[in-house]
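Visitor: Dumping the structure here so I can ask a few things about it.
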Amino acid sequence: MFDWFFATPGRLYVVGTLLPLVAFVGMLVAGAIRGLCRPFRQEGKFLATVYWALGGDQPVKGGAYLATACMALAAALGLAGLVLFLQDTTTGKDHAARWSERVDWIRLGAFDSTPPHIWEERYYDWQKQGTHHEPPPAPPTAVALELGYRIDHLTAVVFAMVTVVGTLIFVFSLGYMREETQAQVEDHQVDQHYDETNAAAHGSPSSPHGQHFRRRGRFGRFFLYLSLFCFSMLNLVIADNLFQVFVSWELVGVCSFFLIGFYYERKSAAWAANKAFIVNRVGDAGFLLGIVIAWTYLGTLNFEEMNRRVRSPVEDSHGPLAFANQLVRVQVADADTTKSESITKFRLPPKDDPTAGTHLALFPLAWETPDHYHGLGYKRSQEQEFLAPVNATINDFGAMPYWLFVVMGLGIFLGCIGKSAQVPLHTWLPDAMEGPTPVSALIHAATMVAAGVYLVGRSYALLAPEVLLVIAYIGAVTLFMSATIALVQTDIKRVLAYSTCSQLGFMMLALGMGGWVAGLLHLITHAFFKALLFLCSGSVIHSCHHEQDLRPMGGLGRKMPITAFTMLIGVLAICGAPLLSGWYSKDMILSVALAYVWLHPEHLLLFALPAVTAAMTAYYMFRLWFLAFTGQPRDAHVCEQAHESPTVMTLPLVVLALFSVAVAWGWPVWEVEASALAHVLEKAEPASVSVAFYAVKVKEHEVHRLAGGIALGAAVIGTAVAFHFFYRRSPTLAELTAPGPAWYTFLVRKWYCDEVYDATVVQPTIQLARISAAVDKRDVEEAASVETAAIAPPRYDWSTLDGLLSAVGQLMSSLGARLRAVQTGLLRFYVTALALTATVLLAMLAVLTR
Amino acid sequence: MNDIGLTPFLMLSGFLFACGVTCVAVKRNAVAVLMGVELILNSANLNLVAFARFTPAFRLEGQVFTLMVIVLAAAEAAIALAIILNFYNNHATVDVDEATDLKG
């Protein structure tokens, strides 16, 4: 048992991934059995026993504990895997064999699953025997969709993060969702009219008029969705190919949809769920486009193979190559030299103008002669030309149009824009706060929205420099825009939601400028402190009877000290207070930005925006904290019954607070560049980063103290302003609710993004749908008359598609009605007709044959 | 017989046939219709024997067919009369115009 694990410890991760799925399937099956047994709950001995054993009329509780236990076990496996992985000393093929496996899922083409190294061995054997023997078969050329996992430092860290944060949030949910365990839950935000209109359809019990909607608690269902989500997210993290990522990507998307719409009786929740799903589809369309291009041109979706295909090898048989780990652009060689139409010759562009290449060279995974090969380069021993067959397999040289390669990168990034809520697809994330708060913490702050950032990091070698610049700018715009909106929001969760958008923008910005480690380090630290912040807000909301508005709150710090203190830690962490986890990552991001801007002064905005935003971050986070926890209660009704949450909820807060403080520590603690987590991540950094951004990396070390100083100064300014306005002056409720100036309204309305989208996309779509419906179908009243066409004369409708199709039937019908008259039933008539017809026919025959 | 040739036979046959069809088309009495049918059959018989007589290749076949038609006509008359009787029993008439029960 243990040998099996220690031979391939990567399987720990597979088990860890499958555990939440086990919980999900178990709960699903148990729920189905209970539902089937329900009709027999009164009589029928065995079935009734099963029914009551599975929870009976009460919402399921056991499943939730099962799910939490599975998640905790997954976290234990994740941490164990992380320790094992960091201690692993094997390298090369041994390492790959221990930490990655892959199986074919759907195979297209020749059925030969021989891996390339086996083929190489065969080739050597053949050479030893002497070349007069038959040569070995050609290397496999078939393409396959695969399932597989590959663990590297990034995967190990993110896996541990997801499982740990997930477990803590599961535990928190046990407390937060407590009222869902009741057989009847009253939803204060849904009025009775929902019940009246839907009672017939859903068969839900109706309650006396004028009250709130009542329904069964959904404790089990909540954990069911959470488990499925965790499985999908973990599967996304360990996946070794783009297609598996895409499958998990859609699964987390649908879990997000379910959980945003958890209170689906609330109209706003249903709308928000739809919005999140549809906006994400826009991104996924781009993602799918990227996948299709990769599949068509690269012939594989495996990350490692794709990287080896587009990036030049480090060395060939004659020594190191100048193009090592770079994208190599080539151009079509002179057409006259092309002998065959099925083979095109490509050539390196003139040395002084590498961007003249219109195509991107694709390198073979297995060389035709494994012991000797020539890479591309300008030296004499290297080749400057290569031949690419039209149907190049993964073991041939090939070429793809460079613009398509850029489109592929942009497509993949569009998927990340949708998932990570970047401008212009950011509008769904704040609305997603309609879901229960633990969901906001787990999915819409800590893990799922980070999937986009993770994917950018994972597929980094596939992104052309142009795409990276787009990523940097999108990130910069997002982080600034979201932060400005967060300045004025009054809903506690919406402030956090916009702050999430903003922090994700920071990550994207860093990735786009070559700060691979900085961006992904921020992903990890942000996951912990943002989960902490959301859970704290959940604790506040829980104790204030689901009041989410910051304005009536105040002075809660005295009533719930643990929540207030842990949230303060989270706030400090996100602001980048020294020695807390956020400090390390944010400093790294800003120093990357400063170094990049130093080298490319034309992109000044890429440093100016994050620097300003650092101040705004501190302002809005402290504004939130001061408004909620300090001063006097502004609305006695909201605050009088506020109390500290039970231990099951505060414990995760404390643990997350510890992580938020210490997760990025290294030795010495006060040195940003000594962060242990950053060093771990650095080992997973693609080689292409150092190649493309070498100058930035060097500069980063020079300027990081300056950048850190700027970040800290900005944070202090923001904090001071917030302190002045919201602590020293402690505003009254009237001041807070008063309408502000025009710019204030502009920010409150979120830069009018929703309005603009509504006017430019949503309304035209609805109009188009209406027009289509009008063209397609006549109205119901007329349609009804079609059914009575046999009695009444038919009404033809030539103006709609539906009417046009019906008209064909109607015409046939009326023709039949007329022909009925011919069949009189009179024998004599038939005979006469027969005789006359025969006569006429014979006459015709006589005339025609004359 | 050889002197007058085939044509008068065919003309007589055609005349009988026309009479039969007219009788079937015009008469409302079912028995009269049956008589019309007999005329039609016999016109066909006349045709057959005439061709048998004047075409050496069909000397035997024409006569055999004629005999067969006579047998068929007898059977047909028996069945048709039975139908007419039944119709009379049910409708108290032998008017074919009344027989419209199966009209669509």
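The values are calculated or read from the model by the stated rules, or taken from the named source; none is laboratory data. None of these values were measured; they are calculated from a predicted model. For neighbour counting, all protein chains shown are included, and Cβ atoms are generated from backbone atoms with ideal geometry for every residue, glycine included.
Visitor: Please name all residue pairs, on different chains or six or more residues apart, with Cβ atoms under 8 Å, provided the first residue is in the stretch A:308-334 and is touching a residue at least 60 places away in the same chain (Cβ under 8 Å) and the second residue is among the acidic types (Asp, Glu).
Guide: Here the result reads A:Leu321/A:Glu315; A:Ala324/A:Glu315, each pair linking the stretch A:308-334 to a residue that is among the acidic types (Asp, Glu).
Visitor: I need every pair where a residue in the stretch A:211-227 that is closer than 18 Å to A:Leu168 by Cβ has its Cβ under 6 Å from the Cβ of a residue that is assigned to a helix (DSSP H, G or I) and among the hydrophobic types (A, V, I, L, M, F, W, C), sequence separation at least 6 or different chains.
Guide: As it stands, the answer is A:Phe223/A:Ala64; A:Phe223/A:Ala67; A:Tyr225/A:Cys255; A:Tyr225/A:Phe258; A:Tyr225/A:Leu259; A:Ser227/A:Ala23; A:Ser227/A:Phe24; A:Ser227/A:Ala67, since those pairs meet every condition given.
For every residue, the table says whether it meets (1) modelled with pLDDT under 90; (2) more than 20 Å from A:Leu523 (Cα to Cα).
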residue: A:Trp598; (1), (2): no, yes
residue: A:Ala618; (1), (2): no, no
residue: A:Thr630; (1), (2): yes, yes
residue: A:Val638; (1), (2): yes, yes
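Visitor: Name the single residue, out of those in the stretch A:794-850 being part of a helix (DSSP H, G or I) and of a type in the set (Val, Ile, Thr), that is farthest from B:Gly36 (Cα to Cα).
Guide: Residue satisfying both the conditions and the ranking: A:Val808.
Visitor: Name, by its number, the condition in (1) assigned to a helix (DSSP H, G or I); (2) touching a residue at least 24 places away in the same chain (Cβ under 8 Å) that does not hold for A:Leu579.
Guide: For A:Leu579, the failing item is (1).
Visitor: From A:Ala687, A:Ala720, A:Ala674, grab the single residue that is surrounded by 12 or more Cβ atoms within 10 Å (Cβ to Cβ), in contact (Cβ under 8 Å) with a residue 12 or more places away in the chain and among the aliphatic types (A, V, I, L, M).
Guide: A:Ala687
Visitor: Considering only the stretch A:39-60, how many residues are under 20 Å from A:Phe219 (Cα atoms) and surrounded by 16 or more Cβ atoms within 10 Å (Cβ to Cβ)?
Guide: Total meeting the criteria: 6.
Visitor: Here's a follow-up. Would you point out which residue out of B:Val64, B:Val31, B:Val24, B:Val37 is surrounded by fewer than 17 Cβ atoms within 10 Å (Cβ to Cβ), within 30 Å of B:Leu10 (Cβ to Cβ) and either within 14 Å of chain A (Cβ to nearest Cβ) or at pLDDT 95 or above (or both)?
Guide: B:Val31
Visitor: Now a separate question. For A:Thr745, only one of the following conditions fails: (1) closer than 20 Å to A:Phe626 by Cα; (2) exposed (fewer than 14 other Cβ atoms within 10 Å of the Cβ). What is its number?
Guide: It is condition (1) that A:Thr745 fails.
Visitor: Out of B:Ala80, B:Ala50, B:Ala73, I need the residue that is of a type in the set (A, V, I, L, M), within 14 Å of another protein chain (Cβ to nearest Cβ), in a helix (DSSP H, G or I) and crowded, with 16+ Cβ neighbours inside 10 Å. Which one?
Guide: Unique residue meeting the criteria: B:Ala80.
Visitor: One residue is enough: does the stretch A:692-715 have a residue meeting the conditions closer than 22 Å to A:Thr630 by Cβ and out of contact with any strand residue (DSSP E or B) (no Cβ under 6 Å at 6 or more places or on another chain)? First the steps, then the outcome.
Guide: Step one: filter the stretch A:692-715 for residues closer than 22 Å to A:Thr630 by Cβ, giving A:715.
Subsequent filtering for residues that are out of contact with any strand residue (DSSP E or B) (no Cβ under 6 Å at 6 or more places or on another chain) retains A:715.
Yes, the stretch A:692-715 contains at least one residue that is closer than 22 Å to A:Thr630 by Cβ and out of contact with any strand residue (DSSP E or B) (no Cβ under 6 Å at 6 or more places or on another chain).
Visitor: Does A:Gln767 meet the test of being polar (S, T, N, Q), at pLDDT 85 or above, within 30 Å of A:Leu425 (Cβ to Cβ) and surrounded by 11 or more Cβ atoms within 10 Å (Cβ to Cβ)?
Guide: Values: polar (S, T, N, Q): yes; at pLDDT 85 or above: yes; within 30 Å of A:Leu425 (Cβ to Cβ): yes; surrounded by 11 or more Cβ atoms within 10 Å (Cβ to Cβ): no.
No.
Visitor: Check A:Leu712, A:Leu733 and return the single one that is of a type outside the set (Val, Ile, Thr) and modelled with pLDDT under 85.
Guide: On the way: A:Leu712 fails: modelled with pLDDT under 85.
Among A:Leu712, A:Leu733, only A:Leu733 is of a type outside the set (Val, Ile, Thr) and modelled with pLDDT under 85.
Visitor: If you don't mind, there's one more thing I want to ask. Condition check: among the aromatic types (Phe, Trp, Tyr), surrounded by fewer than 22 Cβ atoms within 10 Å (Cβ to Cβ), more than 17 Å from A:Gly398 (Cα to Cα) and under 22 Å from the mean Cα position of the chain (by Cα). Does A:Phe287 satisfy that?
Guide: no
Visitor: Could you check, for the stretch A:751-760, whether at least one of its residues is modelled with pLDDT of 85 or more, of a type outside the set (Asp, Glu) and loosely packed, with under 12 Cβ neighbours inside 10 Å?
Guide: If we filter the stretch A:751-760 for residues that are modelled with pLDDT of 85 or more, which is where we start, we get A:751-760.
Now restrict to residues that are of a type outside the set (Asp, Glu): A:751-753, A:756-757, A:759-760.
From what is left, the residues that are loosely packed, with under 12 Cβ neighbours inside 10 Å are A:759-760.
Yes, some residue in the stretch A:751-760 is modelled with pLDDT of 85 or more, of a type outside the set (Asp, Glu) and loosely packed, with under 12 Cβ neighbours inside 10 Å.
Visitor: A further question follows. Restricting the stretch A:8-38 to residues that are surrounded by 17 or more Cβ atoms within 10 Å (Cβ to Cβ) and among the charged types (D, E, K, R), which is nearest to A:Thr155 (Cα to Cα)?
Guide: Residue satisfying both the conditions and the ranking: A:Arg11.
Visitor: Here is a further query. Looking only at the stretch A:693-702, count how many residues are part of a helix (DSSP H, G or I), buried (at least 21 other Cβ atoms within 10 Å of the Cβ) and not acidic (Asp, Glu). I'd like the intermediate steps shown before the answer.
Guide: Initial filter on the stretch A:693-702 (part of a helix (DSSP H, G or I)): A:694-702.
Narrowing the set further to residues that are buried (at least 21 other Cβ atoms within 10 Å of the Cβ) leaves A:696, A:700.
Now drop any that are not not acidic (Asp, Glu), which leaves A:696.
Adding up the residues that qualify gives 1.
Visitor: Say we look at the stretch A:35-82 and pick out the residues that are among the polar types (S, T, N, Q) and not in a helix (DSSP H, G or I); which of these is farthest from A:Asn235 (Cα to Cα)?
Guide: First pass over the stretch A:35-82, keeping only residues among the polar types (S, T, N, Q): A:42, A:49, A:58, A:68.
Among the residues that remain, those that are also not in a helix (DSSP H, G or I) are: A:42, A:58.
On the way: A:Gln42: 43, A:Gln58: 33 Å.
Only one residue tops the list, namely A:Gln42.
Visitor: From the set of residues in the stretch B:83-104 that are of a type in the set (Gly, Ala, Ser) and within 12 Å of another protein chain (Cβ to nearest Cβ), which is surrounded by the most Cβ atoms within 10 Å (Cβ to Cβ)? Lay out the reasoning, then the answer.
Guide: Our first condition is that a residue be of a type in the set (Gly, Ala, Ser); within the stretch B:83-104, this holds for B:92, B:99, B:104.
Filter once more, so that each one left must be within 12 Å of another protein chain (Cβ to nearest Cβ): B:99, B:104.
On the way: B:Ala99: 19, B:Gly104: 8.
Here the answer is B:Ala99.
Visitor: Let me ask something else. Looking at the structure I just gave you, is A:Tyr584 out of contact with any strand residue (DSSP E or B) (no Cβ under 7 Å at 6 or more places or on another chain), buried (at least 24 other Cβ atoms within 10 Å of the Cβ), farther than 17 Å from A:Ala531 by Cβ and not aliphatic (A, V, I, L, M)?
Guide: Answer is no for this residue.
Visitor: Suppose we filter A:Val780, A:Val822, A:Val808 for residues that are modelled with pLDDT under 90 and either in contact with a Cys (Cβ under 7 Å, 6 or more places away or on another chain) or under 28 Å from B:Leu102 (Cα atoms) (or both); which single one remains?
Guide: Every option except A:Val822 fails the conditions.
Visitor: State yes or no: is A:Val597 without any contact (Cβ under 8 Å) to a residue 40 or more places away in the chain and β-branched (Val, Ile, Thr)?
Guide: Yes: the conditions hold for A:Val597.
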